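Okay, structure first, notes after.
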Amino acid sequence: MTPDPAGPPFLLLTASAGSGKTFALTRRFLDLLAGAGPADSGRTCTRDPGPGYGWPEILAVTFTLKAAAEMQERILAGLKERALDPAPDRPDGPARSLSPAAARSWVERLLRHFHQLNVRTIDSLLHLFLALFAPELGLPPDFIPAFDLEEVFDDLYDAVCAAAEAGDPAARRVLDQSSETLLLLDDVPGFDLFARTRKRLLPLLERRLTDRAAYLADPERLHARLEALVRGLRDAARDMAAELERCRLAPVAHFASFLGKLRDIAPDQPPPVSAYGAKAGLDDCLPKAAKGTAPDSAEAAYARLREAYAACLSGRPLLVRARGLAGFLNLADALAAELPELERRSGLLLSQQWPEKVQAVLENGPPEAFCRLGTRLHHLLLDEFQDTSRGQWDAMLPLAEECLAKGGGVFAVGDVKQAIYGWR
């Protein structure tokens, strides 16, 4: 099929804030609108709908409700500006591809059929597909969308606690493991362990709802690795001090103090920050009169110290963080296992699970979804693409493939530097 004349089938625009990405998205929408035909619901389930596309087959996806409303306003404002343009030959403006008369016609058409102006948030699009396929997914038709994990956290935690009190050894084990991590390994002060447990569990539980990979969930093993790392630094410092004494080399005072601190460092104590842990060689740690007198054995001892110090500086924070999370990973999985029953009883569905369920609906191809949706899809426009999660993109990928397969297009705009969800 011949691509539409609105440009290449796939465009990705990356630019900084304030550079006109939203303007470019609006212009793209209006360029596509200029080449669109009328809304024709008869095309929806037709095997071969013929060439071209109807204007409801242009879908713009934004990140927030505010952005969706602003996008709709920009589309109408661009059309009105063009309709009232006193200089119809002017090349700028988002609706440049439309004549003033055509722009007036589109303003009237969109206002009469505003519900068919296909500008949605990602969440509203996913929710729409879930509602259309609720029976196949085992959902009640009137399921309650839940966007905040905190809405169900207490119920999930209470369910695990109730199981432990009823004698479930697995539930008791994961609760004990999290408490021991806080009290014994992390040495958290105070009595309000639940508040600290909740703070640590919430982001971990949210991650485990979509990431089911197997991770090391044994804080004791991670603590042993941490002890080994710190022990290696202590031993290297003691070897360095012993080598200096054997060679009768007197280091500068700051290096001697640095070695003394390293010899007594504890696993839960961060290593002292000192430039003497990363010098080019031992000569830089000796007074001027002793420079050039250190034997190879002393230089080798310093090289081992420098390596152990660098390993501890980089590895210790990761191990401490991993140890704190590992003590809660099994508890997060126990809470996640309680979620299906809670959702069944309450009729709600967490938004974190929407992309995966929609992907299951569309994995065999979206034509049936379009039949239920009441419209086909020919062009997909994505705003703030840098904040689209992997799961959301996987759910929308069949829609993008459908557009490209029919000769339509995909247009995405974003700015990597503005990625507020870059961690995912």
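Computed quantities for the displayed model
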read-out	value
Per-peptide average of other Cβ atoms within 10 Å, ordering 109-117, 226-234 highest first	226-234, 109-117
Binned Cα-Cα distances of the range 148-199, short to long, each 10 Å bin given as a whole percent	23, 48, 29, 0
Eligible lysines near Lys291 by straight Cα distance, threshold 19 Å, same-chain separation 8 or greater	Lys279
Proportion of all alpha-carbon pairs of the range 268-419 beyond 25 Å (%)	63
Förster radius 22 Å - calculated FRET efficiency between Asp218 and Ser314 (Cβ-Cβ, nearest 0.05)	0.50
Volume per residue that the Cα convex hull of the range 236-352 spans, once the total is divided by residue count, Å³	127
MRE, 222 nm, helices only [DSSP H, n ≥ 4, -39500 (n - 2.57), over the chain, to nearest 500]	-17500 deg cm²/dmol
Heavy-atom SASA rank of Leu25, Leu249 (probe 1.4 Å, accessible area, largest first)	Leu249, Leu25
Lys199/Ala242 FRET efficiency (R0 56 Å; Cβ-Cβ; nearest 0.05)	0.80
Out-of-range pairs (alpha-carbon distance over 31 Å; input Lys357/Lys406; Lys21/Lys199; Lys199/Lys357)	Lys21/Lys199
Additional length obtainable on full extension of the chain from Leu65 to Glu81, 0.36 nm per residue less Cα span	3.4 nm
Separation between Cα centres of the range 310-342 and the range 139-157, rounded to whole Å	23
Glu73 accessible area, 1.4 Å probe, all protein chains in place, Å² to nearest 10	120
Order of exposure, largest accessible area first, which applies to Asp192, Asp296 with probe 1.4 Å	Asp296, Asp192
Alpha-carbon Rg with Dmax, taken over the range 134-268, Å	24.1, 83
Largest-first principal axis extents, alpha carbons of the chain, Å	94, 64, 37
Point-to-point label distance, Ala24-Glu401, nm (Cα→Cβ direction, 7 Å offset)	2.7
Residue order for Tyr302, Tyr215 - accessible surface, 1.4 angstrom probe, largest first	Tyr215, Tyr302
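The values are calculated or read from the model by the stated rules, or taken from the named source; none is laboratory data. Just so you know, these numbers come straight off a predicted model, no measurement behind them. Cβ coordinates were reconstructed from backbone atoms using ideal geometry, including for glycine residues, and neighbour counts include every protein chain displayed. To get the accessible areas, we keep the full protein, side chains included, count just its heavy atoms, and leave off ligands, DNA and RNA. Shrake-Rupley method; radii C 1.70, N 1.55, O 1.52, S 1.80 Å.
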